[in-house]
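Written out below as structure tokens is the structure these notes cover.
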Amino acid sequence: MLEGFWYIAGESVAVRAGQPFAAVLCNQPLVLFRDGQGRVHALEDRCPHKGVPLSSARQEGDSLRCSFHGWRFTSSGECVEVPAIGNVAHPSSPSACVKTLPVEEQDGWVWVYMGNDLCPKPTTPPPALPVPPDGSRMVSARQSAEAKVRWDFAVDSLMDPAHVPFVHNKYFRRREAARKKEKVFTRLPLGFRTISQNVLLPDTFIFRALSPGLGSATTTVDFVLPGIHFERWEIGKRFASVMLVATPLTDERSRFDVSVGWNFLRQLPAGWLVRRTLRTILGQDREILELQEQGFGLKGGMLLNLESDTLAVWYRQLKKYRLDQLAGVPNIAHPVPERATLRWMT
Ligand code: FES
Ligand SMILES: [Fe+2]
């Protein structure tokens, strides 16, 4: 798990007023709740008295009342009422306080900042879906899928070009239409980017929807820590973008959250179709990754020595780089070359 980043805890619509919502991020159970002003709060999902999850608490105004002995906690985690001592605040604050975590809503997701002593507070806002450069309005759709797979494997799949024609055949690229690609990568502060100009869009229904004439497009693909894939397509004035996030829930479970936005044909009620397509694509990833987990469990180890596996290697090196950065290790070098060309067939 990589601390010091914003992670998606769930969809904003899932956190309803008056109903505490249980989430888990980086092995940490959390309770989210929405207060009277509509603001979401995140607390550790554990009552400090005898440990009952506060996601089973009753929300009273802007506070949570534990379902076991009725201790009441504010959104800042303070215990302000203990019925057994006459509805007064707990005398031994702060040990009776619940830990709170920074929360923001962005693009219809609730993001929680998972820090540690080296990086207790966020220094940037949560990641956001890329928007059109001309400022035009986008419509968007979202989808999520959980998988019984370790987070590393889930993140690998966000930047694994070679699986696309096999696992997602007919969606992004047909296997029979594979051609040799040459991609130039540049470095981002905690990731890497590749821009392809004048690429001919593949003849699959996703790209036909994006551009009926299948013109040439400029695409920008970024990967950034902790595990986010951004993609932008520009075809004349048409713009579409994707943000695909892999989130560590526990050591054995991960979730994919994807947002898609587009600035054309906004009057069409296409959201349900986009969501259905995303559900299928995420289901394809889930199925193959759960199989990978099975096989890997028999005997660890991977062969990551092809050019198409370079991104997975960079990801592992970037994680170490980030941890060294936080630990204040001197003279560490960014693992991604300033400019590198990689070739593969997809
Ligand atoms: S366990 Fe929560 S009040 Fe006792
Ligand atoms: Fe995939």
Report, to the nearest 10°, how far helix 271-298 tilts away from the longest principal axis of the Cα atoms in the chain, using its own Cα long axis and a range of 0 to 90°.
90 degrees
Ranked by GNM mean-square fluctuation in the chain (Cα springs under 10 Å), the top entry among Ser93, Ser56, Ser76 is Ser93
So for the pair Lys180, Lys99, with labels modelled 7 Å out along Cα→Cβ, what separation do we get in nm?
5.3 nm
Computed accessible area, Trp314, all protein chains, 1.4 angstrom probe, square angstrom
20 Å²
Check the straight Cα-Cα distances from Lys148 and name the lysines below 20 Å, setting aside those fewer than 8 residues away within the same chain.
Lys299
Given backbone amide H placed at 1.01 Å from N, residues whose amide H is under 5 Å from that of Leu25, ignoring those fewer than 5 places away on the same chain, are Leu30
Using a 1.4 angstrom probe on the protein heavy atoms only, line up Phe230, Phe153, Phe205 by accessible area, largest first.
Phe205, Phe230, Phe153
For Lys121, tell me the accessible area in Å² from a 1.4 Å probe, rounded to the nearest 10.
150 Å²
Multiplying the sequence separation of Glu60 and Leu265 by 0.36 nm and subtracting their Cα-Cα distance, what value in nm do you get?
69.4 nm
Average accessible surface area per residue within the chain, 1.4 Å rolling probe, Å²
50 Å²
Any chance you could look up the accessible area of Leu298 with a 1.4 Å probe, heavy atoms only, rounded to 10 Å²?
150 Å²
Just to be sure I understand: with springs between alpha-carbon atoms less than 10 Å apart, which residue in Leu304, Leu43, Leu201 has the highest mean-square fluctuation in the Gaussian network model of the chain?
Leu304
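So what's the back-of-envelope 222 nm ellipticity for the chain, counting only DSSP H runs of four-plus at -39500 (n - 2.57) apiece and dividing by all residues, rounded to 500?
-5500 deg cm²/dmol
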Sorting check: for 233-239, 12-18, 219-225, 338-344, which peptide has the highest mean count of neighbouring beta carbons within 10 Å, and how do the rest follow?
219-225, 233-239, 12-18, 338-344
Between Asp117 and Asn27, take the C-beta separation as r, use R0 = 25 Å, and let me know the FRET efficiency to the nearest 0.05.
0.90
Taking all pairs of distinct Cα atoms, average 1/r, flip it, and tell me the Kirkwood hydrodynamic radius of the chain in Å to one decimal place.
22.1 Å
Can you flag which of Lys237/Lys320; Lys181/Lys237; Lys121/Lys181 are past 32 Å Cα-Cα?
Lys237/Lys320; Lys121/Lys181
At 1.4 Å probe size, with the rest of the protein present, what percent of the exposed accessible area of the chain is carbon and sulfur atoms?
53 percent
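The values are calculated or read from the model by the stated rules, or taken from the named source; none is laboratory data. Keep in mind that what you see is a predicted model, and the values were worked out from it rather than measured. Note: ideal-geometry Cβ built from the backbone for every residue, glycine included; neighbour counts use all protein chains shown. Just so you know, the surface numbers come from the protein's heavy atoms only, side chains and all, with ligands and any DNA or RNA stripped out. Shrake-Rupley method; radii C 1.70, N 1.55, O 1.52, S 1.80 Å.
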